[in-house]
Amino acid sequence: MENPYLSIVITGRNDNYGEDFNDRLQGTVDWMAHWVEHYKIPAELLFINYNPIAENNIMEDQITWPKGKRFFKTRIITVPSEIHEKLIDPTVRKTIPLFEFIAKNVGIRRAKGQFILCTNADILFSEKIFDRLAKQNLESGCLYRCSRLDFKTLENKLSENGSWENVEEKIKKKVFKFFLQGGTFELRFPSKLETRTKILENFNAQRNRYYRMIAKLPFIEYVPYLPKMFPEELFVFDYHCNASGDFALMDRDSWLNGICYPEDTWISTHTDSLHLINVAVSKIRIEVWPYFVYHRDHERRFDFSKKNRDMEKMYQRLLEDAQKMLLHGKPISRNNADWGLKGIELPESKF
């Protein structure tokens, strides 16, 4: 497919991260392929196979990639270990096996779609998102976002006997965590997802007003019932930074004109938020769709419920850069012109 309407970029490696990465990725790929074909959306999936382990089976063999599809095509682009080794710099970024946002930039650089959607390997888009994409009337100069909901793993596989009917309804019943603009919340009752969402949105609106009132009273050090929030943190109510790496959709030209992911961040946490603020101050409109993306709960490299030096370091970077960008109305980009491994020929497989 030479000119797809949509390129979907995800990344991973052949280490079966968390001991269920392949299962999560397989579900995501199958879900995408089904609904892209159903809604006849000319789309390509770019899987960035980053720093693969030589002694493990290759990703081409670990996943059943959809073949023979009319609208959904797959490209696997490999960033070899020798290139990863050159990117290791403990003065810039923590040394881990996968530099997530460098990998996503690799995909952005090589995507052929008119619009590029960056997401993750364990995300399922609501059917309504595919319905919206099928209209093919997205605007250039706009970043589209969706809120993320976490769900517990279903007892059975996502698809039963190849049928995807009612799967989303089953997922909705397993949702327990909501990543909304301005806050993350856990709520399991009432059973109807739409009711819980409305409750949390109303609560969050009140919380927003409360914090903005308290922020004007610096002599108050303790906020009854709610954690202290400082004025420099209030931008989270204005911009949907929360889990923004799970759904970031923008036209190809905007991505390529420098509104890509920062490549100099210590860890991946909050890198997506830095990107979103970069977009906001670049005068690109941000539109949050009233649809959800669903994330399957799993073991994480970082425990967000506990203090962590790496995450604290990144959070301070987010606060400092966000305040500078919002104050001066200008993005902060420290990427070189060759971001996304520009000009480097990488191995590619196609399905």
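The values are calculated or read from the model by the stated rules, or taken from the named source; none is laboratory data. This structure is a prediction, so every number in the text was calculated from the model and none was measured. Methodologically, a virtual Cβ is constructed for each residue, glycine included, from the backbone with ideal geometry; neighbour enumeration extends over all protein chains shown. Side chains included, ligands, DNA and RNA excluded: accessible areas come from the protein's heavy atoms. Shrake-Rupley method; radii C 1.70, N 1.55, O 1.52, S 1.80 Å.
Rank by packing, highest mean first: peptides 67-74, 273-280, with packing defined as the count of other Cβ atoms within 10 Å averaged across residues. The partial results should precede the final answer.
Details: 67-74: 16.1, 273-280: 22.9.
Listed from highest to lowest mean packing, they are 273-280, 67-74.
Ignoring ligands, DNA and RNA, please state the percent of accessible area on the chain from carbon and sulfur, probe 1.4 Å. Write down the numbers at each step before the final one.
Details: 8470 of 17170 Å².
Answer for the chain is 49 percent, counting heavy atoms of protein chains only.
In whole Hz, what ³J(HN,Hα) sequence does the range 230-244 give by Karplus (6.51, -1.76, 1.60; θ = phi - 60°), x for Gly and Pro?
Here the 3J(HN,Hα) series is 8, x, 5, 9, 5, 4, 5, 7, 9, 10, 7, 6, 4, 6, 5 Hz.
Please compute the modelled spin-label separation between residue 230 and residue 70, points set 7 Å along Cα→Cβ, answer in nm with one decimal.
Label at residue 70, label at residue 230, 5.7 nm between them.
Candidates [x] 24.7; [y] 18.3; [z] 16.9; which is the computed mean projected area of the Cα convex hull in nm²?
Recomputing mean projected area of the Cα convex hull in nm² here picks out [y].
Quick check for you: with a 1.4 Å probe and neighbouring chains kept, what is the accessible area per residue of the chain, in Å²?
Working: 17170 Å² over 351 residues.
Dividing the accessible area of the chain by its residue count gives 49 Å².
Taking a ≥ b ≥ c as the square roots of the Cα gyration tensor eigenvalues, with a/c under 1.5 meaning rounded and otherwise prolate when a/b beats b/c, else oblate, which class fits the range 222-351?
It comes out prolate by the Cα gyration axes.
In terms of Cα to Cα distance under 14 Å, which aspartates and glutamates are near enough to residue 177, apart from those fewer than 8 places away along the same chain?
Straight-distance partners of residue 177: 150, 186, 194, 201, 297.
If R₀ is 30 angstrom, what is the calculated FRET efficiency for the pair residue 194 and residue 136, using the beta carbon separation as r and rounding to 0.05? Intermediate values should be presented prior to the final figure.
On the way: r = 28 Å, r/R0 = 0.92.
It comes to 0.60.
Which peptide among 90-98, 241-249, 57-65 comes first, and what is the full order, when sorted by highest mean count of other Cβ atoms within 10 Å? Walk me through the intermediate numbers first.
Details: 90-98: 12.6, 241-249: 23.2, 57-65: 15.7.
The packing order, highest mean first, is 241-249, 57-65, 90-98.
With a 10 Å radius around each residue's Cβ, average the other Cβ atoms per peptide and rank 36-44, 78-86, 286-294, 141-149, highest first.
Most protected by this proxy first, the peptides run 141-149, 36-44, 286-294, 78-86.
Mind checking the full-extension length gain between residue 330 and residue 312? Use 0.36 nm per residue of separation minus the Cα-Cα distance, one decimal, nm. Intermediate results must be reported in sequence, preceding the final value.
Values: separation 18, 0.36 × 18 = 6.48 nm, distance 2.44 nm.
Result for the pair: 4.0 nm of gain on full extension.
Give the distance, in whole Å, between the Cα centre of the range 99-134 and the Cα centre of the range 306-329.
Here the two parts' Cα centres lie 25 Å apart.
How far apart, in nanometres, would the label points at residue 56 and residue 257 be if each is projected 7 angstrom from Cα along the Cα-to-Cβ direction?
3.9 nm
Strictly over 20 Å apart at the Cα level, which of 86/342; 128/192; 104/342; 135/174; 86/324 would you flag in this model? Each step should come with its number before you reach the end.
Working: 86/342 14 Å; 128/192 18 Å; 104/342 13 Å; 135/174 30 Å; 86/324 31 Å.
Beyond 20 Å between Cα atoms: 135/174; 86/324.
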